[in-house]
Amino acid sequence: MNLMNKKVQKTLEFDKIIQMLVNEATSDPGRDLCNKTEPVDNYEQINRLQQETSDALGRIISWGSVSFGSNTDVSHMIKSLEIGVSLTASDLLKIAGMLKNVAGVKNYSKGATSKDEEKPDSLTEYFDALTPLTPVSDEILRCIISEDEISDDASAQLKNIRRQKGIIADRIHSKLQSMVNGSERTYLQDAVVTQRDGRYCIPVKSEYKSQIKGMIHDQSSTGSTFFIEPEAVVSLNNELRELSIREKEEIEKILGDLSLNCAGHTEEIKEDARLMTLLDYIFARGELALKMNATRPVFNKKRIINIRKGRHPLIDPQKVVPVDISLGRDFDLLVITGPNTGGKTVCLKTAGLLCLMGQSGLHIPALDRSELPVFSKIFADIGDEQSIEQSLSTFSSHMKNIVTVLKYADENSLCLFDELGAGTDPTEGAALAIAILDSLHRRGIRSMATTHYSELKIYALSTDKVENACCEFDVETLSPTYKLLIGVPGKSNAFAISSKLGLSKSIIEEAKKQIDASEKSFEDLISDLETSRMTIEKDREEVAEYKKKIKELQDNLHAKNEKIDTRRENIIREANNEARAILEEAKKTADETIKVFQNAGPGASMKELERQRAILRGEITKKNDKLSLKEKSVSPGKAIKPEDIAIGDPVRITSMGMDGTVNSLPDAKGNLFVMCGQLRTRTNVKNLVRIDASEIEKQDKDREKAHIHQRNASVKMDLSSAKSYSLSTELNLLGKTVDEALCELDKYLDDAYLAHLSTVRIVHGKGTGTLRQAVGRFLKKVKYVKEFRIGEYGEGDAGVTIVTFKD
């Protein structure tokens, strides 16, 4: 009963995982290799297998799936070539198909590398070692059309032979047709030309067979018709037969030449077949990881199990409840208690199965950074193994397994026990269970056991490096939640469940009297602990929700500040551009006027020159007016002293010509903040003068009027943004072709972006991955898409893509 033991693998349902893996392979040799998957206990080998699976998964997500369907077992063909035997047309076509598949797989790798300039990964050497032998496959496909047909162009000789055969066949048909349509028509059963043994004949009525000279080749089952080769076409049929023999010889020669060409590349063909099979196996692991939404586990040498939100891969993904399983860090023995059908056995199987999967190079259905050790042996005593043939009871059958476990288990083993000590007297069963677990615990062997015995709960509470756990049960709904709670012993809830189901209270009270006082106290303690735990869990969830809301508010505030900073920079940039344009215009006006003065001769009119000078002065005055900020007249005596300033006082910043209200008191240097509309500006008290509050109110009214047109102009935008209330955040593309889906996706993305939706969900399904890849390529080209990703567990997995828009 070690790691490779088929019985343990079947108990943990590892064989079903292997069948799922086999279904993901695309070639027969690949499926055969998947079927031979076995867990290994070499740390370096496991990490290499895991890296290959990760790299395959990455390529599938980035560039889609790849098919190895034309890969075939070429071993018998290679042996024939090595001893000089020619291959059949069928075998040559298989080799050509495989080589074409090799070329496609190699192009798949080159395409991914050239577009993303990816760094080499663990699969690069496999792809690089592939040899397509394109001239060999092209020559085979040029000569062989199908298993039963060789191309006329396979050789000049074959083409010539077939041309001659056609000519002779036409001559035979011509002569026979003249007989069929001539005077001999009355002798014939039907006016047709047929063949017997490769020779052209005509069907003659039995009573007229002596009227047609020639060779009889066959007769009908009733004897009423004889198939006669007329004497006139015997020599032509002989020539046709000779050409057929020559054609067969030429075809054998062609197949021999093609086989000889392949014989010169047997090593490359063998290596291609090996690599294609290996890559098919690796990509099958990647496809299975994608289908399971699995991640790569982190292997350690400290014999620590830390499975984060692990899911049993054989349970419906929509129904399975993720569990956290830990073992080996703070404790090496975990005792799981709780009611029947609560999920205890599923937890055991999940731990064992995920260990087997991880050590086989498969990703596990759990959150990333889950940790697994490398076990050399895994033991599992799970399920009812009563044997009628061997006269073994359930207890005896389990005990036989346990004896084997105790004999062969070591510190590199994982031992899993379901209902340890059950099937016999409870007192003796509990004592045996404690003794068995204590024996394993003292030897430092990682173990997990499920039980109903209270004695084992007490043993776990009182023993160092041993921990209790339970599967949560909701008494109100009489249903398990399937959550594994480590550190909390479980209770059977028999009385509560019985009461809910209608059992008389008097009977329940009588049953409670039968329980020992200390045991009752222990059960009450467990109940109080469970109540406290649920209260703490509820509080923890509320705190997490508050933290989430605070984080959202912080993010929103940060985004608003960024927008304000961006707007401020834009205002300054626009002002600089406007000033530059004004200066350029002024310079142009001055240059034109100077040019007029320079062109004026000695007899120029002083009146005209003075007019030009006045025009220039007026233009420069206009430019100065535009560049300067007009200050409103300030009445003397309104300068402000620092000690006279109060928050909320109406003031004007003289250096900027802006009015506002004081937002903070001045510091030692006289610096303070003033709110000018929505803009908070830092200035010095020396730049401030006091103004009437009515002036600010007037400016606010003027500003409101100035914005009326802007608000009216934005009505259309407001209407379009109203789409955000009616536009769905999800687009369903299931059942559509790629062209239909992309057309609908294009319109939907435009509407969603105009509606100011931040994130949308595109449902395309898993299928072959073609639609998912097309959606991914399209999204890369959309400029207002900030990022997109494949859905996570709970979002729809690989069947959906989550899209986030730019702000």
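Has segment 2-15 got any residue that is assigned to a helix (DSSP H, G or I), in contact (Cβ under 8 Å) with a residue 60 or more places away in the chain and more than 26 Å from Y408 (Cα to Cα)? Taking every residue of segment 2-15 in turn, none turns out to be assigned to a helix (DSSP H, G or I), in contact (Cβ under 8 Å) with a residue 60 or more places away in the chain and more than 26 Å from Y408 (Cα to Cα). Restricting the first member to segment 420-444 and to residues that are within 14 Å of L406 (Cβ to Cβ), and the second to residues that are of a type in the set (F, W, Y) and loosely packed, with under 13 Cβ neighbours inside 10 Å, no beta-carbon pair is closer than 8 Å while six or more apart or on different chains.
Residue count for segment 50-66 satisfying the condition of being open to solvent by less than 20 Å² (accessible area, probe 1.4 Å) and assigned to a helix (DSSP H, G or I): 6.
Search segment 210-225 for residues being over 20 Å from I172 (Cβ atoms) and open to solvent by 60 Å² or more (accessible area, probe 1.4 Å), and hand back the single one that is nearest to the chain's Cα centre (by Cα). Per the stated criteria, the residue is S221. Identify the single condition in (1) open to solvent by 20 Å² or more (accessible area, probe 1.4 Å); (2) touching a residue at least 40 places away in the same chain (Cβ under 8 Å) that E795 does not satisfy, given that it satisfies every other one. Status for E795: all satisfied but (2).
Does A263 qualify as being under 21 Å from S122 (Cβ atoms), among the small types (G, A, S) and in contact (Cβ under 8 Å) with a residue 12 or more places away in the chain? Here the answer is no, as A263 does not meet what is asked. When the criteria are applied in full, N42 fails the requirement of being modelled with pLDDT of 90 or more, open to solvent by less than 60 Å² (accessible area, probe 1.4 Å) and more than 19 Å from the chain's Cα centre (by Cα).
Every test in (1) without any contact (Cβ under 8 Å) to a residue 24 or more places away in the chain; (2) closer than 30 Å to I83 by Cβ; (3) of a type in the set (D, E) is passed by D316 save one, and that test is (2). Screening S720 against (1) farther than 27 Å from K291 by Cβ; (2) modelled with pLDDT of 80 or more leaves a single unmet condition, (2). Of the set (1) without any contact (Cβ under 8 Å) to a residue 60 or more places away in the chain; (2) open to solvent by 20 Å² or more (accessible area, probe 1.4 Å), all apply to S109 but (2).
Would you call R199 over 30 Å from A89 (Cα atoms) and basic (K, R)? Taking the combined requirement at face value, the residue does not satisfy it.
Is it fair to say P322 is over 23 Å from K465 (Cα atoms) and either open to solvent by less than 20 Å² (accessible area, probe 1.4 Å) or without any contact (Cβ under 8 Å) to a residue 40 or more places away in the chain (or both)? Criteria not met by P322. When the criteria are applied in full, I228 meets the requirement of being in contact (Cβ under 8 Å) with a residue 24 or more places away in the chain and β-branched (V, I, T).
Kindly indicate the residue of segment 419-447 that is of a type in the set (D, E, K, R) and assigned to a helix (DSSP H, G or I) and also modelled with the lowest pLDDT among those meeting that condition. Going through the qualifying residues, I end up with E428. Scanning segment 112-127 for residues that are loosely packed, with under 14 Cβ neighbours inside 10 Å, modelled with pLDDT of 80 or more and of a type in the set (D, E, K, R) yields a single hit, E125. Could you check segment 158-205 and list, in sequence order, the residues that are out of contact with any Cys (no Cβ under 8 Å at 6 or more places or on another chain), open to solvent by less than 80 Å² (accessible area, probe 1.4 Å) and among the polar types (S, T, N, Q)? N160, Q164, S174, Q177, S178, Q189 - these are the residues of segment 158-205 that are out of contact with any Cys (no Cβ under 8 Å at 6 or more places or on another chain), open to solvent by less than 80 Å² (accessible area, probe 1.4 Å) and among the polar types (S, T, N, Q).
Put simply, of G104, G97 the only residue that is in contact with a Ser or Thr (Cβ under 9 Å, 6 or more places away or on another chain) and open to solvent by 30 Å² or more (accessible area, probe 1.4 Å) is G104.
The values are calculated or read from the model by the stated rules, or taken from the named source; none is laboratory data. In this text the structure is predicted, and so the values were computed from the model without any measurement. Cβ sites come from the backbone with ideal geometry, for glycine too, and all protein chains shown count toward neighbours. Note: areas computed on protein heavy atoms with side chains; ligands, DNA, RNA excluded. Shrake-Rupley method; radii C 1.70, N 1.55, O 1.52, S 1.80 Å.
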